[in-house]
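Worksheet for the structure shown next.
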Amino acid sequence: MTDATNSAPVRMTGGEALARMLQAAGAGPVFGMGGFQLLPFYEACRALGLRHTLINDERTGAFAADAYARVTNRVGFCDATLGPGATNLTTALVESLNAGVPLVAIVGDANRDHAWKNMTQEARQTEILRPAAKELIRVESVRRVPELLRRALAVATAGRPGPVVLAVPEDVAHGEHGFSPAEFEVPERTTRVPALRARPDAAEVARAAAMVARAERPMLLVGGGVHLGAGYAACARLVEGQAIPLAHTIGGKGALACSHPLNAGLFGRYSRIANDMIAESDLLVVAGCKLGEIATKRFQLLPEGVPVVHLDMLAEEFGRTSRCDVALWGDITAGLDDLSDALAGERHGRAAWAASVAPRMAHWREGARDRLESAERPINLARLIAELNRLMPEDGVLVADGGFAGHWTGLLYETKRAGRHYVPDRGFASIGYGLPGAIGAQLGVGPKRRVAALTGDGGFNMTLGDLETARRVGAACVVFVVNNAASGYVKALQHAVYGEGKYQSSDLVEMDYAAIANAMGCRGIRVEDPGRIADAVREGLANTDTPTVVDVVVTRDPAKMLPGVDSRTLTVEKGDRPV
């Protein structure tokens, strides 16, 4: 019997029990906005010295928790009060759900003695939040708070991770119970991902290995699951050992360093060389990738007749969007290592296929040189990303907002080492993720590493108020605002589909975001000359005292707003989504 087991029960509120469980879990910052329902939880956070971060909108709090979880591979935490606080979480929860990010959202609910009697701010929030989460757990008894928070952590980190909503009625948070210290225990494995690793069936691994051994032009296609399973070494071992080129989705960037000679870069809607290599391949090994619309160019990219080996931790993904000849159900690291083991000693004749990556990539770079080195005014976004490639530190993190910020950086931004050094919100691709994502990522990696975000002016407008949050909590991130005075992605689509001049509700008023940042006590830098971009990047990265906003004035021409596509020559087929 331990001392904790023998200790007398301590009477406390349900809110304090929540806080003590977070303390036991080693929780990082909790992002939220208080209300009466969770008041005892907030008081306990203060008394216990937990790091609770007030945000200015619950959605941004959940976005920040999401980014924190991605860069640390630990569970992110956020909270919201009854009604509008709870419903504001919805968009961000779906981002985490679709992207497989472990999150626990503690949500206040109505006092059960008075529920459904027109309580202030009461809503059918359970029905709203349940489909946005991996699981919703309602705490119906004060004494069950530790048990159910343990359950929330276990669900959030098991299998494909995801967000769990812990609904806490007002009377549970304010009610009291005598808890023994032994009740406040959390298994360490449930505080991070991967929590558990499962190996694919050995017979299926052998089948897959036989197919790889016969293949002359195989490709490894990797999605965001590589980060959830920390499969970087396993990817390198397979591609280097078997001379197999690797391509990645936007979320899978970082499976290998972008400079690796076997990294063919992004595949899908935008591509450097990977789509062409996929078309030439005779076997596709897909790992930690859902093969969704973007990755498959609306399900048209994978060539007919080419067999597919699919490795994923979620069995429901097999055959969902494409053929699946061998299904490997398990963890990405374990699965790829098992495949490498099964292929050990096999001779292959793929040296020329693997060696073709470098000259193809060099040819692409030469063709993109005019954009990457562009001196045009307004600024070409490719020039900004080229400077970020040159100046971001090796251990830096770039957060990419939804919309074209993700598309441009997915195609052009280059991480310098394997790992999660690029954080796009591709689960739901909601704009408005850039600034709060940078806050969460900066708090996750710590002040010694640099975090930057790329966001459009539309996305920045959505969350501009949380620049105050970044300043208050000491998140000295650098936010690059792509200022095109438009909802650029929508305007580019309108241009592609309907033609020049046919724009509706896609223009914004011209704003000076640098001046706004300076007025909010942050550093603001406005860049209109491409020759000044490098200095602005250096200045922003050097400023570790306050957040920095770099307002980059880019093209207003909707024909030039998308990467890899000139909308003036784009052909749009009926019913197609062109870009």
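The values are calculated or read from the model by the stated rules, or taken from the named source; none is laboratory data. Everything quoted here is computed from the prediction, not taken from an experiment. Every residue, glycine among them, receives a Cβ derived from its backbone with ideal geometry; neighbour counts consider all protein chains shown. For the accessible areas, the whole protein counts, side chains as well, though only heavy atoms, and no ligand, DNA or RNA atoms are used. Shrake-Rupley method; radii C 1.70, N 1.55, O 1.52, S 1.80 Å.
Applying a threshold of 7 Å to beta carbon distances and a minimum spacing of six or more residues, or different chains, the list of pairs starting in the range 308-326 at a residue that is in contact (Cβ under 8 Å) with a residue 12 or more places away in the chain and more than 18 Å from residue 206 (Cα to Cα) and ending at one that is assigned to a strand (DSSP E or B) and open to solvent by 40 Å² or more (accessible area, probe 1.4 Å) reads 315/329.
Going through the range 462-473 one residue at a time, which ones are closer than 17 Å to residue 400 by Cβ and either over 24 Å from the mean Cα position of the chain (by Cα) or open to solvent by 10 Å² or more (accessible area, probe 1.4 Å) (or both)? The answer is 462, and nothing else.
Do you know which residues across the range 263-278 are open to solvent by less than 20 Å² (accessible area, probe 1.4 Å), assigned to a loop (DSSP other than H, G, I, E, B) and in contact (Cβ under 8 Å) with a residue 60 or more places away in the chain? Give the steps one after another, and end with the answer.
First pass over the range 263-278, keeping only residues open to solvent by less than 20 Å² (accessible area, probe 1.4 Å): 263-268, 270, 273-274, 277-278.
Add one more test, that the residue is assigned to a loop (DSSP other than H, G, I, E, B), and what stays is 267-268, 270, 273.
Those that are open to solvent by less than 20 Å² (accessible area, probe 1.4 Å), assigned to a loop (DSSP other than H, G, I, E, B) and in contact (Cβ under 8 Å) with a residue 60 or more places away in the chain: 270, 273.
Residues that are surrounded by 17 or more Cβ atoms within 10 Å (Cβ to Cβ) and of a type in the set (S, T, N, Q) within the range 499-516 comprise just one, 506. Close contacts from the range 518-538, counting a first residue that is in contact (Cβ under 8 Å) with a residue 12 or more places away in the chain and a second that is part of a loop (DSSP other than H, G, I, E, B) and open to solvent by 50 Å² or more (accessible area, probe 1.4 Å), with Cβ to Cβ under 6 Å and a gap of 6+ residues or different chains, come to 530/375.
When every residue of the range 339-356 is checked against the conditions, none turns out to be outside any loop (DSSP other than H, G, I, E, B), closer than 22 Å to residue 422 by Cβ and among the hydrophobic types (A, V, I, L, M, F, W, C).
Looking at this structure, is residue 502 over 24 Å from residue 92 (Cβ atoms), touching a residue at least 40 places away in the same chain (Cβ under 8 Å) and of a type in the set (D, E, K, R)? Can you show your working first?
Values: over 24 Å from residue 92 (Cβ atoms): yes; touching a residue at least 40 places away in the same chain (Cβ under 8 Å): no; of a type in the set (D, E, K, R): yes.
In short, no.
Selection within the range 70-102: residues that are in a strand (DSSP E or B) and open to solvent by less than 10 Å² (accessible area, probe 1.4 Å). The member of this set that is nearest to residue 118 (Cα to Cα) is 80. Screening 440, 459, 419 for residues that are among the small types (Gly, Ala, Ser) and over 21 Å from residue 230 (Cα atoms) leaves exactly one candidate, 459. The residues of the range 372-384 that are in contact with a strand residue (DSSP E or B) (Cβ under 8 Å, 6 or more places away or on another chain) and open to solvent by less than 40 Å² (accessible area, probe 1.4 Å), listed by number, are 379, 380, 381, 384. The condition (being under 25 Å from residue 315 (Cβ atoms), modelled with pLDDT of 95 or more and over 20 Å from the mean Cα position of the chain (by Cα)) is satisfied by just one residue among 180, 281, 259: 281.
From the list 369, 420, the lone residue that is open to solvent by 10 Å² or more (accessible area, probe 1.4 Å) and closer than 18 Å to residue 66 by Cβ is 420.
Specify which of the listed residues (476, 519, 496, 534) is surrounded by fewer than 23 Cβ atoms within 10 Å (Cβ to Cβ), under 25 Å from the mean Cα position of the chain (by Cα) and among the small types (Gly, Ala, Ser). Don't jump to the end; show me each part of the working.
Values: 519 fails: under 25 Å from the mean Cα position of the chain (by Cα); 496 fails: under 25 Å from the mean Cα position of the chain (by Cα); 534 fails: under 25 Å from the mean Cα position of the chain (by Cα).
From the options 476, 519, 496, 534, the qualifying one is 476.
Here is a check on your reading of the model: is residue 287 farther than 20 Å from residue 313 by Cα and open to solvent by less than 20 Å² (accessible area, probe 1.4 Å)? Talk me through it step by step, then tell me what you get.
Details: farther than 20 Å from residue 313 by Cα: no; open to solvent by less than 20 Å² (accessible area, probe 1.4 Å): yes.
No, not satisfied.
Flag: residue 337 matches the condition of being open to solvent by 10 Å² or more (accessible area, probe 1.4 Å), under 26 Å from the mean Cα position of the chain (by Cα) and over 25 Å from residue 407 (Cα atoms). Name the residues in the range 34-51 that are surrounded by fewer than 20 Cβ atoms within 10 Å (Cβ to Cβ) and either without any contact (Cβ under 8 Å) to a residue 60 or more places away in the chain or among the acidic types (Asp, Glu) (or both), would you? The answer is 34, 43, 46, 47, 48, 49, 50, 51.
The C-beta contact set for the range 426-439 (first residue touching a residue at least 24 places away in the same chain (Cβ under 8 Å) and open to solvent by 10 Å² or more (accessible area, probe 1.4 Å), second residue part of a helix (DSSP H, G or I) and acidic (Asp, Glu), distance under 7 angstrom, 6+ apart or interchain) comprises 427/95; 428/95; 430/95. Looking across the range 525-541, the residues that are small (Gly, Ala, Ser) and in contact with a strand residue (DSSP E or B) (Cβ under 9 Å, 6 or more places away or on another chain) come down to 536, 540.
When restricted to residues that are at pLDDT 95 or above, part of a loop (DSSP other than H, G, I, E, B) and either within 27 Å of the chain's Cα centre (by Cα) or surrounded by 18 or more Cβ atoms within 10 Å (Cβ to Cβ) (or both), the range 131-159 contains 4. Considering each of 418, 441 in turn, give the residue that is part of a loop (DSSP other than H, G, I, E, B) and among the aliphatic types (A, V, I, L, M). Within the list 418, 441, the selection yields 418. Note on the range 183-216: residues that are touching a helix residue (DSSP H, G or I) at 6+ places or on another chain (Cβ under 9 Å) and farther than 17 Å from residue 325 by Cα amount to 17. Quick one: would you say residue 409 is touching a strand residue (DSSP E or B) at 6+ places or on another chain (Cβ under 6 Å), part of a loop (DSSP other than H, G, I, E, B) and either in contact (Cβ under 8 Å) with a residue 60 or more places away in the chain or surrounded by 22 or more Cβ atoms within 10 Å (Cβ to Cβ) (or both)? When the stated conditions are applied, residue 409 does not pass them.
The conditions of being open to solvent by 20 Å² or more (accessible area, probe 1.4 Å) and over 17 Å from residue 68 (Cα atoms) are not met by residue 448.
Answer with yes or no whether residue 123 is among the small types (Gly, Ala, Ser), modelled with pLDDT under 95 and not in a helix (DSSP H, G or I).
On the way: among the small types (Gly, Ala, Ser): yes; modelled with pLDDT under 95: yes; not in a helix (DSSP H, G or I): yes.
Yes; evaluated as a whole, the condition is true for this residue.
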